[in-house]
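Report on the following structure.
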Amino acid sequence: MASNNCDEAGIDFGTLHELTGYWIRRAQLNTFRQINECFAEFDITPGLFGALEIVQRNPGLTQTAVAAAMGNDRSAMVAIVDKLEKRGLLVRQPAPNDRRSNALYLTEQGEAFQQQVRNRALDHNQRFFSFLTVEQHQQLFDMLRLVAETDYPQD
């Protein structure tokens, strides 16, 4: 672990600089800042992009299923769907097996829009992580996925 817990301004971060979660959060903030700049011309956030990607790849999923796939609560998903529907990117239709639920589908405009944003996201991802070798990037990806999918071990 790092022995110097001070930044350029001389601020002492104490044990924060020794905590993996702190650096994961800092990395997440940096990547989101960069991707938000990348997505600015599309007026979209990473969360909206994620919802569009899941709906495009899984047409007919319910709002609840999309929320669960994204790790969001159902109430947050309502606002996401409202924004995307208002922009003409997706539509809600009664779910075939449960008419109390809404199934989500991209519109033609949504399909074209998502393809543009996906291309930009993939290009950004490649450029942003270009300081890593291909092997390092794959290791980082694999480790982050492992951390994201592992439950905290109980004592």
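The values are calculated or read from the model by the stated rules, or taken from the named source; none is laboratory data. A quick note: this is a predicted structure, and the numbers were derived from the prediction, not measured. A quick note on method: Cβ atoms are made from the backbone with ideal geometry, for glycine too, and the neighbour counts reach across all protein chains shown.
Scanning segment 67-93 for residues that are in a helix (DSSP H, G or I), of a type in the set (D, E, K, R) and in contact with a Leu (Cβ under 8 Å, 6 or more places away or on another chain) yields one hit, 83. Name the one entry in 33, 100 that is under 30 Å from residue 128 (Cα atoms) and at pLDDT below 95. Among 33, 100, only 33 is under 30 Å from residue 128 (Cα atoms) and at pLDDT below 95. Checking each residue in segment 70-90 for being under 16 Å from residue 112 (Cα atoms) and surrounded by 19 or more Cβ atoms within 10 Å (Cβ to Cβ) picks out 84, 89, 90. For segment 10-66, filtering for residues that are outside any helix (DSSP H, G or I) and in contact (Cβ under 8 Å) with a residue 60 or more places away in the chain leaves 1.
Considering only residues of segment 120-131 that are out of contact with any His (no Cβ under 8 Å at 6 or more places or on another chain) and not in a helix (DSSP H, G or I), which is nearest to residue 42 (Cα to Cα)?
Per the criteria, the residue is 130.
Scanning segment 16-69 for residues that are farther than 20 Å from residue 106 by Cα and either of a type in the set (Lys, Arg) or surrounded by 15 or more Cβ atoms within 10 Å (Cβ to Cβ) (or both) gives 17, 25, 26, 31, 33, 35, 38. With the requirement that a residue be of a type outside the set (A, V, I, L, M) and under 20 Å from residue 57 (Cα atoms), what does segment 114-138 give you? The answer is 114, 115, 116, 118, 119, 120, 123, 125.
On the given criteria, is residue 117 in contact with a Ser or Thr (Cβ under 9 Å, 6 or more places away or on another chain), at negative phi and assigned to a helix (DSSP H, G or I)? Against the criterion (in contact with a Ser or Thr (Cβ under 9 Å, 6 or more places away or on another chain), at negative phi and assigned to a helix (DSSP H, G or I)), residue 117 does not qualify.
Which one is nearest to residue 90 (Cα to Cα), of the residues in segment 110-137 that are touching a residue at least 60 places away in the same chain (Cβ under 8 Å) and among the aromatic types (Phe, Trp, Tyr)? Among those residues, the one meeting the criterion is 113. Looking across segment 67-91 at every residue that is touching a strand residue (DSSP E or B) at 6+ places or on another chain (Cβ under 9 Å) and touching a residue at least 12 places away in the same chain (Cβ under 8 Å), the one that is nearest to residue 44 (Cα to Cα) is identified as 84.
Restricting attention to segment 87-103, the residues that are within 21 Å of the chain's Cα centre (by Cα) and of a type in the set (D, E, K, R) total 1.
Just one of the listed residues (128, 141) is among the aromatic types (Phe, Trp, Tyr) and in contact with a helix residue (DSSP H, G or I) (Cβ under 8 Å, 6 or more places away or on another chain), and it is 128.
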